[in-house]
Amino acid sequence: MIDTVRNGKDRLFNFRPVFFMAAFLGLGVVFSYLRLFYGVSLWWLCLLLGLFIPFAFCGKSGIYKTAVAVCALLFAFFLGMNAFAFQVYNYAEATPYNGAHSVEGTV
């Protein structure tokens, strides 16, 4: 059963860098949303990263390639998390308009 899951190169899954970078970027945005609007603790992040580490180092693809891949995924995660947080911060810090304004538009 396990042999059918593996792809023949003694790897548990086939690593697709662009797909995983996009997935981790999205996970960073989701985590930042949950942190800012629902108060999710940063300890959940540590727990999730702790659960990810053993799966990252399974297989025989080499410790250097695995370390580079893990660093790239963590970079994508923190990039997504911080990008969303900065957008929310900039939106919250915007000054409201005072006085009368007119707006025109065509529908």
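When the range 1-58 is limited to residues that are of a type in the set (Gly, Ala, Ser) and at pLDDT 75 or above, the one that is nearest to the chain's Cα centre (by Cα) turns out to be Gly28.
Taking each residue of the range 81-92 that is surrounded by 11 or more Cβ atoms within 10 Å (Cβ to Cβ) and looking for partners that are of a type in the set (Ser, Thr, Tyr) and in a helix (DSSP H, G or I) with beta-carbon atoms closer than 9 Å, six or more apart or interchain, yields Met81/Ser32; Asn82/Ser32; Ala83/Ser32; Phe84/Ser32; Phe84/Tyr33; Ala85/Ser32; Val88/Ser32; Val88/Tyr33. Each residue in the range 75-87 was checked for being under 18 Å from Ser41 (Cα atoms) and not small (Gly, Ala, Ser), and 5 pass. Residues of the range 29-52 that are among the small types (Gly, Ala, Ser) and surrounded by 13 or more Cβ atoms within 10 Å (Cβ to Cβ): Ser32 alone.
So that you can scan it fast, the table gives a plain yes or no per residue for (1) under 24 Å from Ser32 (Cβ atoms); (2) of a type outside the set (S, T, N, Q):
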| residue | (1), (2) |
| --- | --- |
| Thr66 | no, no |
| Leu79 | yes, yes |
| Val88 | yes, yes |
| Glu93 | yes, yes |
| Val107 | no, yes |
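The values are calculated or read from the model by the stated rules, or taken from the named source; none is laboratory data. Keep in mind the model is a prediction, meaning the values are calculated, not measured. Note: ideal-geometry Cβ built from the backbone for every residue, glycine included; neighbour counts use all protein chains shown.
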